[in-house]
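Notes to accompany the following structure.
The values are calculated or read from the model by the stated rules, or taken from the named source; none is laboratory data. Every value quoted in this text rests on a predicted model; they were computed, and no experiment measured them. Here the Cβ positions follow ideal geometry from the backbone for every residue, glycine too, while neighbour counts run over all protein chains shown. Side chains are part of the model used for accessible areas, which takes the heavy atoms of the whole protein and leaves out ligands, DNA and RNA. Shrake-Rupley method; radii C 1.70, N 1.55, O 1.52, S 1.80 Å.
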Amino acid sequence: GAIDIKMFDSMHAIRDFRKKKFNIFLSSIFFSYRRFEDVVEAATILKKNGRDNFKIQINGITSRDYNYYLSIKNLITRRGLDDCIFITPGLSEKQLLDAYLNADIFIFPNHNQTWGLAVFEAMLAGCVTIVSKTSGASEILTNEENAFLVEPKSPDQIAQILIRLFENPPLLKKVSENA
């Protein structure tokens with residue numbers, strides 16, 4: 001599908017990233033190559049480092065690969081992250097728009113994903129994006145200028161970038177505006 005640019009017309013406000021708690025958003029269909037587990041593991045690293053200044057919302061259609069959905073849900077529980085990672089199974093268009101607007105950071109950890117329109121929807125909404133280098137979207141992005149590009153299957157790298165972003169609101173603002 002194509003991006004409905006008009007849906008984002010009202011979203012050109014400059015964001016203020018000086019905050020105590022960051023909202024992180026992911027949106028995709030639950031398939032194993034979406035690599036949601038990388039973000040769960042990154043959150044585990046953050047918690048082990050004493051970071052609790054984030055909330056993660058994963059939006060996704062669960063029916064296509066229900067076993068993968070259950071594996072992510074179970075991983076969240078096993079890692080003790082039920083207090084900071086929440087799954088919403090399939091948001092309406094209005095709810096999706098609200099989720100983009102409420103998010104500070106959008107993560108697209110997908111591996112070998114052909115494109116990734118959600119990345120550009122998030123950027124239009126002002127989110128700072130962290131994108132796997134094996135997604136098609138990464139081909140037209142510039143690392144640390146309009147997005148952050150990470151190696152696939154790299155929870156450590158995602159966690160490192162998140163810590164850097166949490167500590168540097170001017171960097172978040174710059175990348176958001178460039179996007």
Checklist entry - Which whole-number value in Å² is the accessible area per residue of the range 39-179, probe 1.4 Å? => result 45 Å²
Next on the checklist: Order 67-73, 44-50 from most to least packed using the mean count of other Cβ atoms within 10 Å.
Outcome noted: 67-73, 44-50
Checklist entry - Amide H to amide H under 5 Å from Asn110: which residues, 5+ apart in sequence or cross-chain, H placed 1.01 Å off N in plane? => result Ser132
Next on the checklist: Looking at the chain as a GNM with Cα springs under 10 Å, which of Phe108, Phe120, Phe22 has the largest mean-square fluctuation?
Outcome noted: Phe120
Checklist entry - What residues qualify as long-range amide H neighbours of Gln57, i.e. H under 5 Å apart, gap of 5 or more or another chain, H built at 1.01 Å from N? => result Ile24, Phe25, Leu26, Phe86
Item to check | Hits among lysines - C-alpha to C-alpha of Lys47 under 20 Å, sequence gap 8 or more where chains match | outcome: Lys19, Lys20, Lys21, Lys55, Lys73, Lys153
Item to check | Partners for Lys174 among aspartates and glutamates (Cα-Cα distance below 19 Å; same-chain residues under 8 apart left out) | outcome: Asp16, Asp104, Glu121, Glu144, Glu145
Item to check | Label point distance in nm, Asn178-Ser92, each placed 7 Å from Cα along Cα→Cβ | outcome: 3.8 nm
Checklist outcome for this item: Share of accessible surface on carbon and sulfur in the chain, whole %, 1.4 Å probe and ligands ignored, is 48 percent
Checklist entry - So how far, in whole Å, is the C-alpha centre of the range 122-179 from the one of the range 9-87? => result 15 Å
Checklist outcome for this item: Candidates Pro152, Pro169, Pro109; GNM for the chain (alpha-carbon contacts under 10 Å) flags as most fluctuating Pro169
Next on the checklist: Whole percent per 10 Å bin, from 0 to the bin with the longest distance: what is P(r) over all C-alpha pairs of the range 66-134?
Outcome noted: 18, 40, 40, 3
Checklist outcome for this item: Treating every alpha carbon of the range 46-98 as one equal point scatterer without solvent, the Debye formula yields log10 I(q)/I(0) values at q = 0.13, 0.25, 0.30 Å⁻¹ of -0.38, -1.01, -1.16
Checklist entry - When all C-alpha to C-alpha distances in the range 9-94 are sorted into bins of 5 Å, what percent of pairs does each bin hold, rounded to whole numbers? => result 3, 13, 24, 21, 17, 12, 8, 3, 0
Item to check | Distance in nm between pseudo-label sites at Leu75 and Lys153 (7 Å out along the Cβ direction from Cα) | outcome: 1.2 nm
